[in-house]
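Here's the structure we're looking at; comments come further down.
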Amino acid sequence: KQEVTQIPAALSVPEGENLVLNCSFTDSAIYNLQWFRQDPGKGLTSLLLIQSSQREQTSGRLNASLDKSSGRSTLYIAASQPGDSATYLCAVIHNYGQNFVFGPGTRLSVLP
Amino acid sequence: GAVVSQHPSWVICKSGTSVKIECRSLDFQATTMFWYRQFPKQSLMLMATSNEGSKATYEQGVEKDKFLINHASLTLSTLTVTSAHPEDSSFYICSANPVQDIQYFGAGTRLSVL
């Protein structure tokens, strides 16, 4: 059974810092991995999608990497801003599945 | 782009009543939709897979008689929480994928059972 973990559970940084969020998954037979952002009481916003054959994806200040063989992904946020404060979720889809398995999330607070 | 609409966004009900949540794919057909549940400060957990024209597939520990799923058309799946109790209070969110690579999520429904 696929399990997804995220470290740290919570993170508080001053504005302007670069930061890294970590995601691990137990079954490397994934179809893709996706990073989402969730604001309190809200739905999900897709940030980056990495196919299993890819090593990284970039969008603006965000960069996500994938090491499928070791079951790890990282989300790098450059020059953090208070507007980045949210919970960041990592999720994977298995090769033979369609639904996501989500990690518990990292709650990020960027202080002005 | 493709959008999944979920309604209502927030519902408060009395214990013992039933609540229906709708999930619509607005510009694509979805033979499969997914229902997730998120308890406070926890991650999303898959409850069930909704299949158009056939019975839903429920995850272990999810009561199919309590969480009724109907997927009568290619653009609509409904989740009915029957005889809701305070422990059913949660954030429910649906998703649908026009192709395997892409999955779109609804905005979610916050259910509060008094």
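Read-outs throughout are calculated quantities, based only on the coordinates presented, and are distinct from any laboratory measurement. Just so we're clear, the structure is a prediction, and the values are computed from it rather than from any experiment. As a convention, Cβ positions derive from the backbone with ideal geometry for all residues, glycine included, and neighbour counts pool all protein chains shown.
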Relative contact order (%) - criterion: Cα under 8 Å, at least six apart; region: chain A: 37 percent
GluC sites (Glu not before Pro) restricted to DSSP loop in region B:1-72 with at most 11 other C-beta within 10 Å: B:E63
Principal axis dimensions, the protein assembly as shown - Cα atoms, whole angstrom, descending: 48, 37, 33
Under-5 Å amide H pairs with A:E17, H placed in peptide plane, nonlocal only: A:S80
Calculated diffusion of region B:38-103, Stokes-Einstein form, Kirkwood radius summed over Cα pairs, 4 °C and 1.567 mPa s, µm²/s: 99 µm²/s
Per-residue mean of C-beta atoms belonging to partner chains within 10 Å, peptide A:90-103: 4
Bins of 10 Å from zero: percent of alpha-carbon pairs in region A:51-112: 19, 47, 28, 6, 0
Selection from A:S46, A:P8, A:L21 lying farthest towards where the dipole of chain A points positive, charges on Cβ: A:S46
Relative contact order, percent, region B:31-83 [alpha-carbon distance under 8 Å, six or more residues apart]: 28 percent
Compactness of chain B as Cα Rg over 2.2 N^0.38 Å, two decimals: 0.99
FRET efficiency for A:K42 and A:S69, using Cβ-Cβ distance with R0 set to 41 Å, rounded to 0.05: 0.75
Rg ratio (alpha-carbon, reference 2.2 N^0.38 Å) - chain A: 1.01
Free-standing Cys residues across chain B, given no other cysteine C-beta under 4.7 angstrom: B:C13
GNM result for chain A, Cα springs below 10 Å: residue of A:S24, A:S52, A:S70 fluctuating most strongly: A:S70
Peptide A:18-27 - average C-beta neighbours from other chains (10 Å radius): 0
Inter-centroid distance (Cα atoms) of region A:18-61 relative to region B:85-114, Å: 19 Å
Region B:65-114 - Debye-derived log10 I(q)/I(0), Cα point model, q = 0.16, 0.22, 0.23, 0.28 Å⁻¹: -0.57, -0.91, -0.96, -1.14
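If you count, for each residue, the other Cβ atoms within 10 Å and average over each peptide, how do B:83-91, A:96-104 line up from highest to lowest?
Output ranking for B:83-91, A:96-104: A:96-104, B:83-91.
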Shielding of B:44-55 by partner chains, average beta-carbon count, 10 Å: 2
